[in-house]
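Only one structure is covered here, and it is reproduced in the block below.
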């Protein structure tokens, strides 16, 4: 547990939820940022770092919470894997590190330890460098190298102080893992979507954690609003207005082009469902990728989706996800015809300022992709 030494009980409780070593492994990026956003007094500034030049949406994400914390999230499922606690001597604010109610580190106990560059235990490293990469190396080799120097005969090394603490998930068998690998399944992930298989002209199959859970098949024109509530629980929001620009992609349009229906928004799952107001059956399925730097970032948790074709398709079973060029070739089949698109700027009505705020809606038979200028798919709509 990491807490501010002078925090109130309420603040301590909030920080425990976010940074408890036991409970935060595998916590989603969406949940962590949501906690930080609701505690701006305690966390006034958070920097989000990612690879903007990546050719897909699969970039690891680093949250820097000044001055002490770095949180590393995995690329595919956006789950917390590594916590780096640094600048331990900085008193603004002072921090305390405890394990099972025993104080391991505090402003009054950060004192000389053992010789060498660091100490490493399963899942945690105590390092003597201030801003180095030890403990966060791509393969863990640097942390092991630091720990291997323990026992040095240099007398002065005994007076070095711990400057950083790195906490990371370990494998079940204790083997070394890559710091950028996806996290292993844990209790924190229970109830979250493991994978969403999108089936054009059919619907979506949702696979949940734990992996032994029964998958849920949501079919367009078949699954009802009551079915959704029974299988997924009540939505976080019911929204009764549709973007009219999406009304052209519907088989059942009213004459004026505006559909009569409402959305079930499951922000915590990264999924929306458009429900018909007449028969209360699912009309559309919308899944969100939650890509940093896009207007929709952090509105939804990432839904790890892939598109599945017809059983006779040669590419059936392949993971078609996030990269527009690959998906476009698959959906177009032998045709090289360029599909019609429509420009969309989500910042117009919300006064957001982003380096790249414009996306395109590209329509195919039974599916619409919202694509960024970097050819990243941020939203998929099945109808």
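Laboratory data are not the source of any read-out in this text; all were calculated from the coordinates shown. None of these values were measured; they are calculated from a predicted model. Positions of Cβ are backbone-derived with ideal geometry, glycine not excepted, and every protein chain shown enters the neighbour counts.
Order of 206-216, 178-188, 359-369 by packing, highest average Cβ count within 10 Å first?
In descending order of packing, they fall as 359-369, 178-188, 206-216.
With r as the distance between the Cβ atoms of residue 201 and residue 38 and R0 = 30 Å, compute the FRET efficiency 1/(1 + (r/R0)^6) and round to 0.05.
Numbers: r = 40 Å, r/R0 = 1.35.
According to the calculation, E is roughly 0.15.
So for 189, 296, fewest C-beta neighbours within 10 Å to most, what's the order?
Arranged by neighbour count, lowest to highest, 189, 296 become 296, 189.
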